[in-house]
Amino acid sequence: MRLKQRSLAGKGISKFLLYVIGEIVLVMIGILLAMQVNNWNEERKARAEEQVFLNALKKEMSDNLVQLTQTISYNQRSRDAAFKLMEIYSGDYRAFAPATLDSLFAQVQWAWTFDPELSNLISIKANGKIAIIQDPVIQSFVSSFEESTKDSEEESLVLRSLITNKYVMMVSKYISESARANYLGTPTPKSKFPSDYNGIFNDREVESVLSYIYVWRESEMDELTSLQKKLSENLAVVEKEIK
């Protein structure tokens with residue numbers, strides 16, 4: 001009788017232990033499932049937030065690429081005009097019409113700078129959201145593009161200072177600003193002072209400044225075209241990542 005009671009007691013303990021273990025397993029499975037669901041929700045939110053960032057970044061990058069392409073176009077024309085005038089200094093300016101010379105001197109003084117809109121990019125960095133972006137190429141772009149624009153800006157600011165503070169003043173001694181303004185998109189009344197082409201094409205300092213502008217333009221164009229390539233390539237990656 002006692003043996004039978006012991007046997008029943010042992011079976012009761014075993015059932016209880018199995019029950020307890022089963023409950024623990026169920027609780028653990030529940031916790032793991034809850035964690036998995038929570039992780040899935042967090043991942044879904046992160047991906048949705050990433051898409052918001054990427055769409056905003058795409059718009060900003062597209063606008064910057066348009067502006068940069070336009071800036072390169074005008075600065076390239078300025079560089080080419082400087083080179084053409086340097087050739088004319090080595091030849092005979094009288095072979096060219098006054099309107100052609102005025103146009104060339106005007107184009108040289110274009111001083112366009114690339115002033116990108118970076119509010120979305122800066123916001124992503126400032127708020128520590130770079131990690132939400134999955135693509136490492138885009139992460140690298142967000143981290144480095146602002147600094148890259150500063151490098152090109154330095155070149156452009158040097159040129160702007162040279163053109164504004166020296167070139168324009170020197171050329172204006174011989175050819176009035178109003179004669180050049182017609183080629184800069186802002187026509188002004190004709191000046192009463194005649195253009196002195198003989199004087200300007202015999203001024204060694206003007207020729208030297210033109211050469212200096214040309215050299216700086218070459219360096220600036222290298223910076224800008226490199227920036228354009230980087231922006232264009234990364235924009236393609238962003239567009240690919242947008243779902």
Number of positions in region 156-167 that are more than 23 Å from the chain's Cα centre (by Cα) and open to solvent by 30 Å² or more (accessible area, probe 1.4 Å): 3
Given (1) touching a Leu at 6+ places or on another chain (Cβ under 6 Å); (2) on the phi > 0 side of the Ramachandran plot, index of the condition PHE114 fails: (2)
Region 101-114, subset in a helix (DSSP H, G or I) and either among the β-branched types (Val, Ile, Thr) or touching a residue at least 60 places away in the same chain (Cβ under 8 Å) (or both), residue surrounded by the fewest Cβ atoms within 10 Å (Cβ to Cβ): SER103
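Report, by residue number, each residue of region 42-71 that is acidic (Asp, Glu), in contact (Cβ under 8 Å) with a residue 12 or more places away in the chain and either open to solvent by 50 Å² or more (accessible area, probe 1.4 Å) or not in a helix (DSSP H, G or I) (or both).
Step one: of region 42-71, the residues acidic (Asp, Glu) are 42-43, 49-50, 60, 63.
Retained after the next criterion (residues that are in contact (Cβ under 8 Å) with a residue 12 or more places away in the chain): 49-50, 60, 63.
The answer is GLU49, ASP63.
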Residue within region 81-100 that is free of Cβ contacts under 8 Å to residues at least 24 places away in the same chain, open to solvent by 60 Å² or more (accessible area, probe 1.4 Å), farther than 30 Å from GLU239 by Cβ and acidic (Asp, Glu) present: yes
Residues of region 222-240 satisfying the condition of being surrounded by 18 or more Cβ atoms within 10 Å (Cβ to Cβ) and out of contact with any Lys or Arg (no Cβ under 6 Å at 6 or more places or on another chain): GLU223, LEU224, LEU227, GLN228, LEU231, ASN234, LEU235
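Among the residues in region 136-158, are any among the aliphatic types (A, V, I, L, M), in contact (Cβ under 8 Å) with a residue 60 or more places away in the chain and closer than 22 Å to VAL108 by Cα? Let's see the steps before the verdict.
Initially, region 136-158 is screened for residues among the aliphatic types (A, V, I, L, M), giving 137-138, 142, 157-158.
From what's left, in contact (Cβ under 8 Å) with a residue 60 or more places away in the chain: 137-138, 142.
Now restrict to residues that are closer than 22 Å to VAL108 by Cα: none.
Checked region 136-158: no residue is among the aliphatic types (A, V, I, L, M), in contact (Cβ under 8 Å) with a residue 60 or more places away in the chain and closer than 22 Å to VAL108 by Cα.
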Residue under evaluation SER176, criteria (1) of a type outside the set (A, V, I, L, M, F, W, C); (2) open to solvent by 80 Å² or more (accessible area, probe 1.4 Å); (3) over 24 Å from the mean Cα position of the chain (by Cα), criterion not met: (2)
Wholly enclosed helices (runs of 4 or more DSSP H) of region 115-227 bearing at least 1 residues out of contact with any Cys (no Cβ under 7 Å at 6 or more places or on another chain) and at pLDDT below 95: 119-126, 136-162, 168-172, 177-181
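The values are calculated or read from the model by the stated rules, or taken from the named source; none is laboratory data. Note that the structure is a prediction, hence the values are computed from the model and not measured. Positions of Cβ are backbone-derived with ideal geometry, glycine not excepted, and every protein chain shown enters the neighbour counts. Only protein heavy atoms, including side chains, enter the accessible area calculation; ligands, DNA and RNA are left aside. Shrake-Rupley method; radii C 1.70, N 1.55, O 1.52, S 1.80 Å.
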